[in-house]
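First comes the structure, then the notes that go with it.
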């Protein structure tokens, strides 16, 4: 009798410990992934975006993305459009924050106007693609609540629930590769009705400076609309040594002129 | 565009290129050439108010662009040209929108040459924006500008914001519609008939300054301009003669935007002082966007602004006590389809101007635009707009990019 009570208590405490560790382990993995990517300082990369509709028709966009790593707050980024030609020079400057809304400015080259824009529209599509703004913004640990799901060889599956109610998702299921610096292999996105909306697969991984894994191909498939967006990254540059001065409204105008 | 000015800028640029081409570190130069060809048709569907005014305006425009960048993009030479051929002889015009050398280093940036600079936050009127002369024959909304010769120095500080200093050595006059053109006064205004208050005429050496900063959700700009104004001043003497000239002005401007969730709260205001005139003007408004409405990316923005101008009926814009309301619809599709509809209505009379602007891309290098401006029930007593009361129009334009 006593033993069975003890066993019972032991079982309960194990299950509590397990429940705690599912959340803790999820967070731990996200932190490990963040830590593995720390110290890249800055990067410049060219991006070709191919949008495919359900009939297979495609259209292309060319962009250049500059990123500045910050540790005390979220990263800064500057995106410049080079194609289609009618929007060439259109640029955005984003200061991501670990907590609260991001700050974002848009530069319109035709009238040389810098406009502060609301970062409220997280769930909307980025330039007609299957990527939402929130999919492309800096992935800060603080933006999600975590639950560890399963370990499958070197792959770790973690559920991430967005903290921000303005997110378009109830949850994302992220597959990390623990043997490769906790790089992300796949993300499944569940919409607000909790049905599978999109799958993002990362491929053509390349290791930079012996430490930073960067996927050169992102493929986002929307299961509900049957549309696809393919991102191809090229010419990663980690040597540019960008600084805060390269991420100002003055730099935004200079980049888009 | 005066030949003398172009010569001046050309000599300046050549000097700079020579100076920097000797620098071995300048390394790789990136060249970039772009060309836009545009066909446009404007149709004014009401009978003209004044003699010789036409109804149909087929038109053609060319916009070449060239950029050379080196020193990792921190140094560049930029050129934007413009030419339009139109039924209205005054609207047939060419311009160098931009031709300048730029260098940026750490926390400063320098630009020398013809350049365009935009200041402000509101949508229906651009009060604070004063650096460039308006290309008044090009568009109705006044958003097209002439290239302004300048030396611009920008100093960026992390704590105290950005300081901009402008030296503006030459003034450019505004062009008004010609004999055949619409949107004009009974008397055709020849820009050469307008004089200057300054004895140096166009060569008065003008100065401007702007401070721009942001704190959290606040974006603020404070500016001052001292020089020959961009708007001509019309004065009437006792015998009824019109005297039109460009006055020397001191203008202080404030622009403020508060970005709070989906709300943008906006304010622009100016105080302008000249010997012949002193006045205050302001625009206050807001923009609210319902985003991703259908889960497919549809954004609908609602805009409302109040416009005040102490000049009352003498305000060249005709916006002295008016309300602007509008809606911006963006489909966020692969063709970037967007529509802006709105109206400006006078609070003291029946006068209202409705407008629609829509644009869409076709393929990867074509775009089409549709614009409509409808002058509705314009009060005969409106000093400016009463002349345009029969000038409602539709415009369609198609552009090809190379």
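The values are calculated or read from the model by the stated rules, or taken from the named source; none is laboratory data. Please read these numbers as outputs of a predicted model, since none were measured by experiment. Heads up, the Cβs are rebuilt from the backbone with ideal geometry, glycines too, and the neighbour counts pull from every protein chain shown.
Observations
- For the range B:155-174, filtering for residues that are farther than 15 Å from residue B:224 by Cα and more than 17 Å from the chain's Cα centre (by Cα) leaves 9.
- Residue identified as free of Cβ contacts under 8 Å to residues at least 60 places away in the same chain, away from chain A (no Cβ under 14 Å) and closer than 23 Å to residue A:86 by Cβ among B:341, B:378, B:353: B:341
- Residues of the range A:27-39 that turn out to be surrounded by 14 or more Cβ atoms within 10 Å (Cβ to Cβ) and over 17 Å from the mean Cα position of the chain (by Cα), as a count: 1
- Restricting B:153, B:176, B:163 to residues that are in contact (Cβ under 8 Å) with a residue 24 or more places away in the chain and outside any strand (DSSP E or B) narrows the list to B:176.
- Lone unmet requirement of (1) closer than 30 Å to residue B:145 by Cβ; (2) surrounded by fewer than 18 Cβ atoms within 10 Å (Cβ to Cβ) for residue A:90: (2)
- Members of the range B:215-225 found to be at pLDDT 95 or above and either surrounded by fewer than 17 Cβ atoms within 10 Å (Cβ to Cβ) or over 19 Å from the mean Cα position of the chain (by Cα) (or both), listed by number: B:218, B:219, B:220, B:222, B:224
- Residue in the range B:197-204 that is closer than 17 Å to residue B:138 by Cα and either at pLDDT below 95 or out of contact with any strand residue (DSSP E or B) (no Cβ under 8 Å at 6 or more places or on another chain) (or both) present: no
- Top-ranked residue of the range B:261-286 - restricted to ones that are at the interface with another protein chain (Cβ under 9 Å from one of its Cβ atoms) and surrounded by 14 or more Cβ atoms within 10 Å (Cβ to Cβ), ranked as farthest from the chain's Cα centre (by Cα): B:262
- Single condition residue B:76 does not satisfy, out of (1) at pLDDT below 95; (2) within 28 Å of residue A:242 (Cα to Cα): (1)
- Residue check, residue B:238 out of contact with any strand residue (DSSP E or B) (no Cβ under 8 Å at 6 or more places or on another chain) and either within 25 Å of residue B:152 (Cα to Cα) or without any contact (Cβ under 8 Å) to a residue 60 or more places away in the chain (or both): yes
- In the range B:106-121, the condition of being surrounded by fewer than 19 Cβ atoms within 10 Å (Cβ to Cβ) and part of a strand (DSSP E or B) is met by at least one residue.
- For the range A:40-58, the candidate set comprises residues that are farther than 30 Å from residue A:99 by Cβ and touching a residue at least 60 places away in the same chain (Cβ under 8 Å); within that set, the residue that is surrounded by the fewest Cβ atoms within 10 Å (Cβ to Cβ) is A:54.
- Within the range A:224-257, considering residues that are more than 30 Å from residue B:69 (Cα to Cα) and within 19 Å of the chain's Cα centre (by Cα), the one nearest to the other protein chains (Cβ to nearest Cβ): A:229
- Of all the residues in the range B:61-79, those that are in a strand (DSSP E or B) and farther than 18 Å from residue A:86 by Cβ number 8.
- Pick from the range A:141-172, criterion in a loop (DSSP other than H, G, I, E, B) and out of contact with any helix residue (DSSP H, G or I) (no Cβ under 8 Å at 6 or more places or on another chain), ranking: farthest from residue A:70 (Cα to Cα): A:153
- Residue B:347 vs. criteria away from chain A (no Cβ under 14 Å) and touching a residue at least 24 places away in the same chain (Cβ under 8 Å): yes
- As a summary of the residue check, residue A:168 satisfies the conditions (1) modelled with pLDDT of 95 or more; (2) within 14 Å of another protein chain (Cβ to nearest Cβ) except for the one numbered (1).
Let's see how each residue does on (1) within 14 Å of chain A (Cβ to nearest Cβ); (2) touching a helix residue (DSSP H, G or I) at 6+ places or on another chain (Cβ under 6 Å); (3) assigned to a strand (DSSP E or B); (4) more than 19 Å from residue B:40 (Cβ to Cβ):
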residue: B:332; (1), (2), (3), (4): yes, no, no, yes
residue: B:335; (1), (2), (3), (4): yes, no, no, yes
residue: B:357; (1), (2), (3), (4): yes, no, yes, no
residue: B:364; (1), (2), (3), (4): yes, no, no, yes
residue: B:367; (1), (2), (3), (4): yes, yes, yes, no
residue: B:373; (1), (2), (3), (4): no, no, yes, no
residue: B:383; (1), (2), (3), (4): no, yes, no, yes
residue: B:387; (1), (2), (3), (4): no, no, no, yes
residue: B:395; (1), (2), (3), (4): no, no, yes, no
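- Taken together, the residues in the range A:99-128 that are more than 8 Å from chain B (Cβ to nearest Cβ), part of a loop (DSSP other than H, G, I, E, B) and in contact (Cβ under 8 Å) with a residue 24 or more places away in the chain amount to 5.
- Test: residue in the range B:283-304 that is in contact (Cβ under 8 Å) with a residue 24 or more places away in the chain and more than 25 Å from residue B:356 (Cα to Cα): no
- All positions within the range A:69-87 that are within 14 Å of chain B (Cβ to nearest Cβ), buried (at least 21 other Cβ atoms within 10 Å of the Cβ) and more than 22 Å from residue A:230 (Cα to Cα): A:76
- Residue count for the range B:204-220, restricted to those that are part of a loop (DSSP other than H, G, I, E, B), away from chain A (no Cβ under 11 Å) and in contact (Cβ under 8 Å) with a residue 40 or more places away in the chain: 1
- Taking the criterion of being at pLDDT below 95 and surrounded by fewer than 15 Cβ atoms within 10 Å (Cβ to Cβ), the residues of the range B:380-401 that qualify are B:380, B:381.
- Just one of the numbered conditions (1) surrounded by 17 or more Cβ atoms within 10 Å (Cβ to Cβ); (2) free of Cβ contacts under 8 Å to residues at least 24 places away in the same chain is not true of residue B:168: (2).
- Every listed requirement among (1) at pLDDT 95 or above; (2) farther than 19 Å from residue A:126 by Cα; (3) surrounded by fewer than 19 Cβ atoms within 10 Å (Cβ to Cβ) is met by residue A:159 save one, (3).
- Residue within the range B:310-319 that is surrounded by 19 or more Cβ atoms within 10 Å (Cβ to Cβ) and in a strand (DSSP E or B) present: no
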